[in-house]
Amino acid sequence: MVRALLADRGAATAVSRVARGLAQTAALWPAIQTAFGLVQRAAAMLDNPRQQPGAAVRRRYRTLLQHMRRKLQRAGQLQAGIKHFLKVTRSYWPGLFHCYDVLDLLLTARHFAQSPDLYVLIQMRNPQTPAVTAAFLQAAENLRDIAQRKDYDAFRALFDEVRAHLGAFTQPALAQSDFLIDRLVERT
C-alpha cells in the first residue's frame, strides 16, 4: 500500500512537472508550429509525389519561399533557422530542380538511397546484367586505354560525348560544386 502511494505521488509529481514545463513554453509553440509547418511543406513539395516536371515544381516552390518570407515574423525565435533555410535554398537554386527532368539521375539517386537488399535479386536474376556489365567494363577499358596511350583527342571526344549526354545539368553542377569547394576552402 505504501509503495502504491509513493508511486502515485511520483506519477503526480512527474505530471505536475510536465504541465509546468508546457505552461512555461506555451508561448514558443506557435512559432515552432509555423516554422515546422513551412519546412514540412517544402520537403513535401520537393518529394514531388505527383511526378511534376522541374519547371512546375520550381514555380510552386518559389511561391512557397515567398510565403515563408512573409511568415518570417511568425517564426519567432526560429527566424534565424528559416532565414538560413532560405539562404541555403538560394545557393542550391540553379540545380535544385534538375533531377525532376533527368530520369536517369533521379533513378540513380533513388537506388542508392535505398537498401541494397531491394536490388540484389533484381541484379542477380536479370538476364541483361551480363550485357550491361560488359558494356560498363568496355567503357571503363576504353577510358583506361585512352589514358594509357595519352590520346588527348580521343579523351576530348569522349569528354564532349559525356558533356552532351549531361546537357544543361553541367552548369548547375558546376555552380553547386563551386559553392561546396568555396565552403571547404573557407573552413581551412
Estimated vicinal HN-Hα couplings, Hz - the stretch 19-30 in sequence order (Karplus 6.51, -1.76, 1.60; Gly, Pro = x) = 4, 5, x, 5, 5, 5, 9, 4, 5, 7, 4, x
Convert 20 °C to kelvin, take the viscosity as 1.002 mPa s, use the Kirkwood radius over C-alpha pairs of the stretch 121-183 as Rh, and evaluate the Stokes-Einstein diffusion coefficient in µm²/s, rounded to a whole number.
-> 148 µm²/s
Which percent of Cα-Cα pairs in the stretch 1-100 sits in each 10 Å bin, short to long?
-> 13, 32, 20, 13, 12, 7, 2
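Read the figures in this text as sums done on the coordinates, not as results from a lab. Computed from a predicted structure; not experimentally measured.
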